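Here is the structure we will look at.
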Amino acid sequence: MDIAKVLVPVTGTGRDTPLLLYAIETARPFHAHVMAYFVRPDLAEALAFFSDGASGVVVDEIVRATRDAGDEAAKRVEAAISAACQSSGVTRVETPRPSNAVTLSLREVQGNFGDQLAAEARLSDLVVFGPIRESDQAGLAEAFVQVLVDTDRPVLRATDEMPDHFAQRIAIGWDGKKAASQAVSAAMPFLRRAAQVEIFSIQRSPVTPEATVGLREYLALHGVQATERLIDAGNRRIGEALLQAAKQDRTDLLVIGVYVRCRLRESLIGGVTRHVIAHADVAVFMVH
């Protein structure tokens with residue numbers, strides 16, 4: 001299956017235009033549609049903090065401030081979309097439809113950011129986020145985890161700048177488990193088009209060469225020729241060893257599976273994934 005719809009959350013910040021351009025270039029080989037997704041603040045959530053004893057004047061001020069903030073953010077989103085379309089030569093359309101070139105649309109909703117984004121993600125082929133930082137809009141990091149874990153859709157954690165040749169040198173972080181297998185299957189549209197695919201098997205001693213045989217056979221059936229690197233992590237974290245290997249190999253896309261350790265949201269994803277998300281200077285394609 002190819003990529004037909006790429007979903008991109010936009011928030012009205014200066015990072016919207018670069019992220020839209022990243023999504024456009026990701027979509028270009030597939031002539032996919034890029035949907036910019038803007039969620040206006042939820043008035044009910046804003047008022048929930050003042051439900052006890054707030055005067056009518058205070059409530060009115062909260063409603064006005066929330067609406068004004070949403071209006072200002074929406075204007076910045078429109079400017080970002082215009083800039084991205086002009087820079088990339090992409091046509092903006094009102095309604096997503098099949099095309100022989102990349103198109104872009106804006107969908108604007110109101111509500112809880114994570115819930116709304118996750119609902120749209122379930123009917124998307126890929127969701128593109130920028131690097132997650134502490135300075136991001138409130139709720140963005142939580143929405144990233146919610147989309148990744150609750151929708152089981154592929155998520156691309158982009159870099160700040162698009163590399164010159166995106167997804168030409170792909171590495172697969174392989175441990176033979178379910179999530180890694182699903183990530184490989186979901187990434188097949190990119191793997192088929194790559195100039196180089198390398199399997200990274202990060203292990204603790206003793207290293208077993210047989211660990212990647214089945215994956216190499218599976219990829220070959222899909223027309224993907226892959227090499228392998230068996231890496232002894234030694235005293236390093238698995239995530240650290242994985243990123244070091246990707247940097248040495250000049251990887252421009254890393255494919256990994258994401259694991260759930262417990263149902264507590266703040267510690268939902270495993271240590272390897274957290275390390276990669278926080279420290280990767282390469283784009284990461286993830287599937288839960």
The condition of being touching a Gly at 6+ places or on another chain (Cβ under 8 Å), polar (S, T, N, Q) and at pLDDT 80 or above holds, among S201, S185, S181, only for S181
Residue set A211, A278; condition under 26 Å from E25 (Cα atoms), surrounded by fewer than 18 Cβ atoms within 10 Å (Cβ to Cβ) and at pLDDT below 90; output residue A278
Is it the case, given these coordinates, that I199 is closer than 30 Å to V8 by Cα and under 18 Å from the mean Cα position of the chain (by Cα)?
no
Residues of the stretch 190-208 being in a helix (DSSP H, G or I) and open to solvent by less than 50 Å² (accessible area, probe 1.4 Å), in sequence order, are F190, L191
### Query
Do we find that T227 is in a helix (DSSP H, G or I), at pLDDT 85 or above and of a type outside the set (G, A, S) in this structure?
no
Looking across the stretch 81-112 at residues that are in contact (Cβ under 8 Å) with a residue 60 or more places away in the chain and polar (S, T, N, Q), the single one that is surrounded by the most Cβ atoms within 10 Å (Cβ to Cβ) is T103
Exactly one of D152, D164, D175, D115 is open to solvent by 10 Å² or more (accessible area, probe 1.4 Å), under 15 Å from the mean Cα position of the chain (by Cα) and of a type in the set (D, E, K, R), and that residue is D152
Subject >> Flag if V147 is on the phi < 0 side of the Ramachandran plot, without any contact (Cβ under 8 Å) to a residue 40 or more places away in the chain and in contact with a strand residue (DSSP E or B) (Cβ under 6 Å, 6 or more places away or on another chain) >> reply: yes
Restricting attention to the stretch 22-58, the residues that are open to solvent by 50 Å² or more (accessible area, probe 1.4 Å) and modelled with pLDDT of 75 or more number exactly 6
ask   = Mind checking whether some residue in the stretch 245-261 is in contact with a strand residue (DSSP E or B) (Cβ under 7 Å, 6 or more places away or on another chain), open to solvent by 70 Å² or more (accessible area, probe 1.4 Å) and under 19 Å from A283 (Cβ atoms)?
value = yes
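Of these, A171, A187, which one is touching a helix residue (DSSP H, G or I) at 6+ places or on another chain (Cβ under 6 Å) and either within 20 Å of Y22 (Cα to Cα) or without any contact (Cβ under 8 Å) to a residue 24 or more places away in the chain (or both)? Break it down stepwise before answering.
Numbers: A187 fails: touching a helix residue (DSSP H, G or I) at 6+ places or on another chain (Cβ under 6 Å).
Sole residue among the options that is touching a helix residue (DSSP H, G or I) at 6+ places or on another chain (Cβ under 6 Å) and either within 20 Å of Y22 (Cα to Cα) or without any contact (Cβ under 8 Å) to a residue 24 or more places away in the chain (or both): A171.
Return the residue satisfying two criteria in turn: it lies in the stretch 118-137 and is of a type in the set (D, E, K, R) and modelled with pLDDT under 95, and of such residues it is surrounded by the fewest Cβ atoms within 10 Å (Cβ to Cβ).
As a first pass, look at the stretch 118-137 and keep what is of a type in the set (D, E, K, R): 120, 122, 125, 133-134, 136.
Those still in the list that are modelled with pLDDT under 95 too: 133-134, 136.
On the way: R133: 10, E134: 5, D136: 17.
Only one residue fits best here, namely E134.
Among the listed residues K75, K5, identify the single one that is loosely packed, with under 13 Cβ neighbours inside 10 Å, of a type in the set (D, E, K, R) and at pLDDT 85 or above.
On the way: K5 fails: loosely packed, with under 13 Cβ neighbours inside 10 Å.
So the residue among K75, K5 that is loosely packed, with under 13 Cβ neighbours inside 10 Å, of a type in the set (D, E, K, R) and at pLDDT 85 or above is K75.
What about A143, is it part of a loop (DSSP other than H, G, I, E, B), open to solvent by less than 30 Å² (accessible area, probe 1.4 Å) and not β-branched (V, I, T)?
Values: part of a loop (DSSP other than H, G, I, E, B): no; open to solvent by less than 30 Å² (accessible area, probe 1.4 Å): yes; not β-branched (V, I, T): yes.
So A143 fails the test.
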With the first residue restricted to the stretch 216-230 and required to be more than 15 Å from D175 (Cα to Cα), and the second required to be outside any loop (DSSP other than H, G, I, E, B) and of a type outside the set (A, V, I, L, M), Cβ contacts under 8 Å at 6 or more apart or on different chains are H222/R192; G223/R192; V224/R192; A226/E198; A226/R216; T227/Q196; T227/E198
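The values are calculated or read from the model by the stated rules, or taken from the named source; none is laboratory data. All of these numbers come straight from a predicted model, not from anything done at the bench. Counting neighbours? That spans all protein chains shown, and the Cβs are built from the backbone with ideal geometry, glycine included. SASA here: full protein model, heavy atoms, side chains in, ligands and nucleic acids out. Shrake-Rupley method; radii C 1.70, N 1.55, O 1.52, S 1.80 Å.
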